[in-house]
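First comes the structure, then the notes that go with it.
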Amino acid sequence: MNDLLREIPKIDIFIKQDDFRGFNKKLLTKAARKEISILRQGIIDSKISNFDINKLVINTKIRYKNILSSSLKPMINATGVILHTNMGRSLISKQILERASSIICNYSNLEYDSDKGKRGERYTHAKKGLKELLNVEDVLVVNNNASAVFLILNSFAKNQKVIVSRGELVEIGGSFRIPEVMKESGALLKEVGTTNKTKLSDYENAIDDNTKMLMKVHKSNFSIEGFSEEVSFEAIKKIALKNNLMDYYDLGSGYVVDLPYNLGDKEHSLLNILKHKPSLISFSGDKLFGSVQAGIIAGKKEFIDKLKKNQLLRMLRVDKITLSILEETIKAYLLQDYEQIPTLKLLFQSIDSLEKRALKIQSSLGKGVCDIVKSTTFMGGGTLPNKKFPTIALHIIGDAVKLEKIFRLNDLIGRIEKDKFLIDFRSILPSLDTNIEETIKKVLD
């Protein structure tokens with residue numbers, strides 16, 4: 001054992017090997033020290049009986065590369081779910097990112113007023129375009145919609161009642177619960193109605209001297225079917241106006257353009273909701289809007305102005321990267337250049353175009369490898385609950401569970417449906433078709 005221990009090279013000599021040429025000395029030393037420590041302990045514990053310098057070099061190089069490897073990596077979303085929360089929701093087009101890079105990679109007027117030559121306000125950015133797009137008095141952008149909900153409730157309803165339908169007290173991903181958020185914000189929750197039925201009179205009867213706001217929350221990830229009833233935002237707005245109360249719609253997600261496959265509804269359409277001139281609404285930037293993670297608050301200027309005075313806003317503000325990309329997305333909307341918004345591009349793909357792409361790959365792979373399946377999918381991301389729309393997928397023939405795992409380990413995430421492993425083209429950009437084909441060949445080789 002002592003002889004083996006004596007063969008272990010000293011750190012300063014070991015890291016001078018040609019195999020380590022070009023490596024960062026500090027990181028290499030750290031990696032080498034760890035590997036030598038493992039080797040020494042293995043010899044002491046009689047688990048290692050011979051010394052191999054080449055193996056030590058290889059293990060050190062692997063450890064060095066692991067230190068530098070990113071935990072985030074690109075993956076192919078072949079689940080068919082366009083707004084897959086676990087995989088980053090909305091994609092950002094390279095064109096939009098390149099346009100935004102002129103701001104991101106340079107100094108900018110993020111908080112500088114060029115006209116006055118003094119400190120400016122970051123909240124002015126993205127405002128002009130959003131006001132034009134949404135036709136509202138004012139907007140405010142925070143870091144996500146959960147922040148928007150908290151900020152609004154804390155600013156306007158601290159220690160005062162907010163009336164919400166019991167059927168809208170939702171929980172979304174990450175155990176984000178509306179009642180808990182309201183509690184933390186200082187607002188006092190007043191539930192009305194039942195789980196499946198809430199009527200106009202429920203709101204009216206609950207109003208008292210301590211009521212500040214009528215709030216509607218979109219049921220983002222579930223729907224109530226059958227014997228049910230809910231009050232529209234338009235009706236809630238009228239009651240609020242009659243009683244001199246604020247109205248607020250936590251939309252969660254919202255869209256601007258008309259959606260295909262009969263997916264649209266009045267309670268998701270931003271323009272339909274905003275025509276009723278709400279006090280405030282809020283929605284996510286990275287859901288149906290198809291941009292970066294952000295909470296977009298829109299409505300009346302007097303309320304936006306008050307939100308800006310809340311000291312909590314500094315903790316919830318967005319950075320130059322978010323604002324730059326968001327502004328470029330807004331420009332694409334104003335120019336009706338929806339090709340630049342991948343979420344919309346993927347959703348609007350026709351069945352014929354999806355089928356042609358699948359057929360091309362099937363033809364290249366040869367017979368017996370896969371077949372084409374017509375199916376349905378969901379939008380995902382807490383949007384359009386239980387609304388299905390058509391899609392096309394490749395069924396890779398074989399054991400579905402084993403195939404799902406091996407494709408997953410090769411960074412392609414598909415889905416299992418009726419004991420078949422599917423690669424769904426609805427959530428795959430056409431530019432990735434070559435990667436899909438190569439991955440399938442690699443896995444099945």
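The values are calculated or read from the model by the stated rules, or taken from the named source; none is laboratory data. It should be emphasised that the depicted structure is a prediction, and the values quoted were computed from it without experimental measurement. Note that we place each Cβ from the backbone using ideal geometry, even for glycine, and neighbour counts take in every protein chain shown.
Restricted to helices (runs of 4 or more DSSP H) entirely inside segment 232-334, those with at least 3 residues that are touching a strand residue (DSSP E or B) at 6+ places or on another chain (Cβ under 9 Å) and not basic (Lys, Arg) are 233-242, 270-274, 301-308, 320-334. Scanning segment 405-428 for residues that are touching a Leu at 6+ places or on another chain (Cβ under 9 Å) and of a type in the set (S, T, N, Q) yields one hit, Ser427.
Within the set Lys301, Lys320, Lys287, the sole residue that is over 22 Å from Ile96 (Cα atoms), assigned by TED's automatic domain parsing to the domain that holds Lys237 and not hydrophobic (A, V, I, L, M, F, W, C) turns out to be Lys301. In segment 376-407, of all residues being of a type in the set (Val, Ile, Thr) and more than 16 Å from Met75 (Cβ to Cβ), the one that is surrounded by the most Cβ atoms within 10 Å (Cβ to Cβ) corresponds to Ile392.
Total residues in segment 408-438 satisfying the condition of being assigned to a helix (DSSP H, G or I) and crowded, with 22+ Cβ neighbours inside 10 Å: the figure is 3. Applying the condition of being among the β-branched types (Val, Ile, Thr) and within 15 Å of Ile58 (Cα to Cα) to segment 12-41 and asking which residue is nearest to the chain's Cα centre (by Cα) yields Thr29. When you go through Glu302, Glu327 one by one, which is the residue that is buried (at least 17 other Cβ atoms within 10 Å of the Cβ), acidic (Asp, Glu) and modelled with pLDDT of 95 or more? Matching residue, one of Glu302, Glu327: Glu327.
Scanning segment 202-220 for residues that are part of a loop (DSSP other than H, G, I, E, B) and of a type in the set (D, E, K, R) yields a count of 3. Restricting the first member to segment 285-308 and to residues that are more than 26 Å from Thr85 (Cβ to Cβ), and the second to residues that are of a type in the set (A, V, I, L, M) and part of a helix (DSSP H, G or I), the beta-carbon pairs closer than 8 Å and six or more apart or on different chains are Leu307/Leu151; Leu307/Ile152; Leu307/Leu313. Among what's in segment 337-366 and is touching a residue at least 12 places away in the same chain (Cβ under 8 Å) and part of a loop (DSSP other than H, G, I, E, B), pick the residue that is farthest from Arg122 (Cα to Cα). Result: Gln349.
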